[in-house]
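The values are calculated or read from the model by the stated rules, or taken from the named source; none is laboratory data. Everything numeric in this text was worked out from a predicted model, so none of it was measured. Positions of Cβ are generated from backbone atoms using ideal geometry, with glycine treated the same way; all protein chains shown enter the neighbour counts. Heads up: the accessible areas ignore ligands, DNA and RNA and are worked out on the full protein's heavy atoms, side chains in. Shrake-Rupley method; radii C 1.70, N 1.55, O 1.52, S 1.80 Å.
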Amino acid sequence: MIRLGIPRAFRLALRRRDSWERDVEDEIKLHLSLRAEQLSAQGAAPDEAYSEAVRRFGPLDESRARLVDAAAHREQRMRRTEFLGDLRQDIAFAFRTLGRQKGWTAITVGTLALGIGATTAVFSVVSALLLHPLPYPHANRIVFVAQAPSEGNNTGMHVTITPSAAVVRAWMALSHDLESIEGFTSGPYALKTAGDPSYVMGARVFPSFMAFAGQRPIAGRMFTDADVAGGTKVVVLGESFWRDRFGARTDVVGKAITLGDSLFTVIGVAPQGLERPGRGGLSTAVWLPLDVHNDKLSMAVIARVRSGASITAAERELDSIFAREAGFSSGKIPFHAVVSTPAQLVSFHDSLILLTAAVALVLLVACANVAHLLLARAGSRRRELAIRAALGAGRARLTRQLLTESLVLAVSGTAVGVMLGWIGLHALVALRPPSLDELKLASLDGRTLLVATGVALVSGVGFGLTGLAQSARHSTHVALKTGALAASHGQGASRVRGLLVVTEMALAAMLLVGANLLVRSVMNLQRADLGFAPRGLYMITLPVPRTVAPTSAAAAGVVAVTMARIRQLPAVTSATLADVGPGSRAFSIGRLEVEGKAPPPRSTSSFVDVNQIQPNYFATMRARLTQGATFSDTTAASRQVIVNAGFARAQWADGSALGHRIRVAQTDSEPWLTIVGVVADMATGGPTSESTAPALFTPLAIGAGESGTPRSPTILVRTSGTAQGLAPISGFIRQNGVKRPPEIASVAQQIDSSVAAPRFVMLLLTIFTALALLLAAVGLYGVMAYSVIQRTREIGIRMALGAQRGTIARLVVVRGVTLALIGAALGLGGAYWATRLLSKLLYGVTPLDGTSFAVGGAVLIGVAVLACVVPTRRALAVDPILAIRAD
């Protein structure tokens with residue numbers, strides 16, 4: 001059909017141009033004839049008169065071409081005017097037609113708006129965090145570079161480290177696959193003011209970073225290599241900080257500000273568009289120079305991959321450079337390069353992919369529902385379209401009218417959907433847990449609006465073609481002979497509508513299974529045995545004044561006096577000290593060796609949890625010792641260690657771990673530690689953390705030489721009441737010379753916050769599932785209600801012949817449940833494969849959990865039965881006499 005239509009259109013275009021040329025030729029001939037007659041009347045001979053007329057007219061070929069172009073332009077203007085006039089009529093007619101069916105229009109627009117609204121909200125997050133995470137030139141080639149141990153020994157810890165300055169210098173000098181390499185660090189800086197210091201977010205970067213990010217200072221200049229080499233204390237202010245604190249005054253350049261204990265000279269102002277790598281929602285207030293030649297530093301690395309190079313090739317090249325510069329033989333390096341895209345470093349990357357898939361299913365359900373509504377409407381309008389065709393409306397005119405109506409519906413649904421998406425996005429940002437702070441970066445930008453517009457156009461054209469295909473199945477003659485109801489009754493239309501409902505049910509079933517799995521997973525997380533009792537446990541960091549050396553007797557005195565006063569508080573039942581508290585980790589890097597067993601390779605660099613604790617640590621935590629006892633000697637010479645049960649089971653499954661010796665060795669001279677106790681596995685980072693990975697506990701000896709008091713030990717306090725009884729602790733710490741003591745943190749709240757992210761994802765998926773289920777139920781209800789209307793005459797005849805009410809009810813319900821069963825079977829089959837995407841998000845439940853599949857199927861069938869209730873009651877209310885008389 002298309003192949004035949006192209007030459008037909010081509011012939012029409014040629015015929016139209018031939019017609020223009022003939023008209024122009026006739027006009028020229030008429031003009032020449034009239035002028036020749038005029039000259040003849042003035043006494044000229046006929047031949048001379050015609051020749052003079054041609055001479056006065058000018059070049060015929062040029063004039064003929066100019067007149068043909070003018071005719072074509074006039075024709076195009078007339079056609080455009082006619083098209084716009086028809087379009088205005090079509091739009092006005094579409095609004096009048098849709099206005100007469102307010103209920104149907106509201107349901108259609110609302111259905112599409114819900115699907116597009118959910119899609120818009122989630123896509124805004126995906127666009128900001130995964131598709132366009134950093135506004136740098138050639139952003140698709142931006143990567144982050146870190147290092148990870150090349151060989152491990154099953155410690156369970158998967159940690160990356162920032163490379164040293166020496167490593168970064170080697171990479172910058174020798175790498176070809178990375179065309180630009182930039183180091184950076186970031187963190188809070190104390191800004192000294194007239195009162196107490198305030199903390200602002202700052203970043204240290206190379207002088208070339210601003211050019212790397214494609215930005216230029218809006219005032220002053222960026223620091224240079226000379227500034228870094230000379231150790232000049234200079235700072236560039238962020239635009240927001242500059243406007244808020246300095247009123248956007250340009251004379252701030254050259255002024256000095258105090259950061260920490262040092263004065264820095266302001267040399268420029270960075271634009272708002274300059275964003276630091278690894279952004280977390282806070283704008284950067286101050287930019288400071290970072291010296292790559294300072295070998296005492298390590299730094300995070302961001303780079304741009306050379307065009308045509310792969311990430312795998314870049315990793316191999318960086319490893320080769322590291323091995324060559326550090327003197328390691330090939331394949332024996334302790335750390336290998338890890339090159340990651342910004343999207344891969346998003347903390348909830350997998351959850352975001354899951355929500356994207358879920359919202360795509362919701363959009364498909366919404367589109368299927370709208371398609372079903374349009375099919376039903378097309379069936380009821382078949383007689384109207386047939387009458388218009390009989391009155392002379394061509395197929396193209398009817399097609400344009402149907403497409404216009406569909407586009408009006410799609411644009412209206414998209415406009416409402418974008419508004420709902422904006423509201424939903426703000427709700428997402430407002431309700432986000434603290435662990436998902438990156439959500440603050442999401443916004444409804446131009447890319448999201450462009451996608452929404454594309455969805456509107458595609459869906460509008462698709463819906464219009466659906467209605468056109470449905471109306472084209474019957475001839476005008478047949479549609480005019482029969483009534484509208486009879487004409488709309490057909491097995492083909494019924495099968496299409498049934499197929500759409502089955503599709504909706506299948507998609508809803510997949511979402512139901514996924515939501516069930518996440519709900520059960522979150523319930524398991526909240527009931528998980530952590531190995532200790534977080535309720536009633538609080539922690540606070542005890543800063544040792546900088547004027548006091550940590551290993552000195554003065555430091556030991558500060559800590560001892562503070563702890564003694566804390567233990568005297570009426571609300572305190574127990575208090576202890578540790579190097580780090582729940583939610584934090586301290587680790588040793590080296591080879592975890594067990595005496596009497598084959599040591600791991602010498603190139604192994606594992607990260608092993610090691611926490612220095614006081615003997616009453618486990619009693620305060622209410623953790624159970626399964627073997628041995630707590631430390632009997634806290635001096636460094638005792639070399640005692642307590643290990644967790646997971647490590648003990650892995651190493652001595654058939655015996656006791658007591659008395660065995662272990663060490664985390666970087667050299668062969670590392671001392672051995674003797675195991676004196678085994679404690680139950682503790683998930684101090686929350687139920688999602690790995691509690692069976694090797695964890696070592698060593699004695700905390702206050703003020704005892706090199707292993708003495710940590711700079712900021714953690715106080716763990718067990719209370720019999722609430723945190724209000726611990727308020728005097730802040731006063732104790734102030735007496736040590738600390739102006740701003742840290743807040744007292746509830747361990748229970750911290751554990752709850754570790755579950756907040758999966759709980760938030762579960763809530764969103766549940767909302768999307770409920771939305772899809774609602775739309776599927778509405779679709780099934782529509783099919784069953786339309787089926788009852790179509791079969792009114794049949795139902796009346798059956799009832800007149802003696803059919804019981806139960807038989808009529810089964811007639812309706814069985815069809816609805818059959819569609820739901822088919823959809824459930826297909827959906828559960830799809831969920832069998834789709835739930836594998838959830839494997840990393842589940843806890844205590846497998847992706848193929850039978851209960852979740854059974855509950856999902858049961859809920860779907862239950863909703864299907866409820867959707868059939870109203871159509872069934874309508875069928876039972878049919879009057880046989882009126883039904884038989886109906887057309």
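Per-structure values
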read-out	value
Residue satisfying condition, being part of a helix (DSSP H, G or I) and over 16 Å from Ala875 (Cβ atoms), within set Ala809, Ala854	Ala854
Tally of residues being in contact (Cβ under 8 Å) with a residue 24 or more places away in the chain, open to solvent by 30 Å² or more (accessible area, probe 1.4 Å) and part of a helix (DSSP H, G or I) across region 87-109	6
Among residues of region 493-513, those that are open to solvent by less than 10 Å² (accessible area, probe 1.4 Å), of a type in the set (Gly, Ala, Ser) and over 11 Å from Leu375 (Cβ atoms), counted	2
Condition broken by Thr709, with the remaining ones in (1) at pLDDT below 90; (2) in a strand (DSSP E or B); (3) of a type in the set (Val, Ile, Thr) satisfied	(2)
Residues (over 25 Å from His293 (Cα atoms) and touching a Ser or Thr at 6+ places or on another chain (Cβ under 6 Å)) located in region 195-247	Ala219, Gly238, Ser240
Residue among Ile797, Ile808, Ile733, Ile715 that alone is over 41 Å from the mean Cα position of the chain (by Cα) and closer than 30 Å to Ser198 by Cα	Ile733
Tally, over region 313-352, of residues that are within 15 Å of Pro149 (Cβ to Cβ), free of Cβ contacts under 8 Å to residues at least 60 places away in the same chain and loosely packed, with under 14 Cβ neighbours inside 10 Å	1
Lys192, sole failed condition from (1) open to solvent by 20 Å² or more (accessible area, probe 1.4 Å); (2) closer than 22 Å to Gly231 by Cα; (3) modelled with pLDDT of 80 or more	(3)
Residues of region 217-270 satisfying the condition of being touching a residue at least 40 places away in the same chain (Cβ under 8 Å) and in contact with a Lys or Arg (Cβ under 7 Å, 6 or more places away or on another chain)	Thr258, Val266, Ile267, Gly268
Qualifying residue in region 583-590 (condition: open to solvent by 50 Å² or more (accessible area, probe 1.4 Å), closer than 30 Å to Ile161 by Cβ and over 38 Å from the mean Cα position of the chain (by Cα))	no
Test for Thr719: is it at pLDDT 85 or above, surrounded by 15 or more Cβ atoms within 10 Å (Cβ to Cβ) and under 30 Å from Ala358 (Cα atoms)	no
Test result for Leu811, closer than 28 Å to Thr356 by Cα, open to solvent by 20 Å² or more (accessible area, probe 1.4 Å) and touching a residue at least 12 places away in the same chain (Cβ under 8 Å)	no
Region 75-85, residues that are among the charged types (D, E, K, R) and modelled with pLDDT of 75 or more	Arg77, Arg79, Arg80
Wholly enclosed helices (runs of 4 or more DSSP H) of region 369-476 bearing at least 2 residues closer than 30 Å to Gly278 by Cβ and modelled with pLDDT of 75 or more	395-431, 446-471
Matching residues in region 630-665 - criterion: being among the polar types (S, T, N, Q) and assigned to a loop (DSSP other than H, G, I, E, B)	Thr630, Ser632, Thr634, Thr635, Ser656
Output for region 643-680, where each listed residue is at pLDDT below 90, among the charged types (D, E, K, R) and closer than 21 Å to Arg602 by Cα	Asp668, Glu670
Test: Ala824 is in contact (Cβ under 8 Å) with a residue 40 or more places away in the chain and closer than 30 Å to Leu436 by Cβ	no
Looking only at region 611-657, and only at residues there that are in contact with an Asp or Glu (Cβ under 8 Å, 6 or more places away or on another chain) and closer than 19 Å to Phe532 by Cα, the one that is surrounded by the fewest Cβ atoms within 10 Å (Cβ to Cβ)	Gly646
Total residues in region 430-444, condition open to solvent by less than 40 Å² (accessible area, probe 1.4 Å) and more than 13 Å from the chain's Cα centre (by Cα)	1
Qualifying residue in region 114-125 (condition: closer than 30 Å to Phe212 by Cβ, among the aliphatic types (A, V, I, L, M) and crowded, with 19+ Cβ neighbours inside 10 Å)	yes
Residue within region 771-791 that is under 37 Å from the mean Cα position of the chain (by Cα) and outside any helix (DSSP H, G or I) present	no
Selection from region 282-312 of residues that are open to solvent by 50 Å² or more (accessible area, probe 1.4 Å), in a loop (DSSP other than H, G, I, E, B) and hydrophobic (A, V, I, L, M, F, W, C)	Leu282, Leu297
Test set (1) under 25 Å from Leu525 (Cα atoms); (2) open to solvent by 30 Å² or more (accessible area, probe 1.4 Å); (3) assigned to a helix (DSSP H, G or I) - Leu866 fails condition number	(1)
Yes/no for Asp261 being farther than 26 Å from Leu178 by Cα and of a type in the set (Asp, Glu)	yes
Any hit, region 727-735, residues being at pLDDT below 85 and not in a helix (DSSP H, G or I)	yes
Subset of region 224-244 [touching a strand residue (DSSP E or B) at 6+ places or on another chain (Cβ under 8 Å), assigned to a helix (DSSP H, G or I) and more than 13 Å from Gly202 (Cβ to Cβ)]	Asp227, Val228, Glu239, Trp242
Checking Glu690 against (1) in contact (Cβ under 8 Å) with a residue 12 or more places away in the chain; (2) open to solvent by less than 40 Å² (accessible area, probe 1.4 Å), the condition it does not meet	(2)
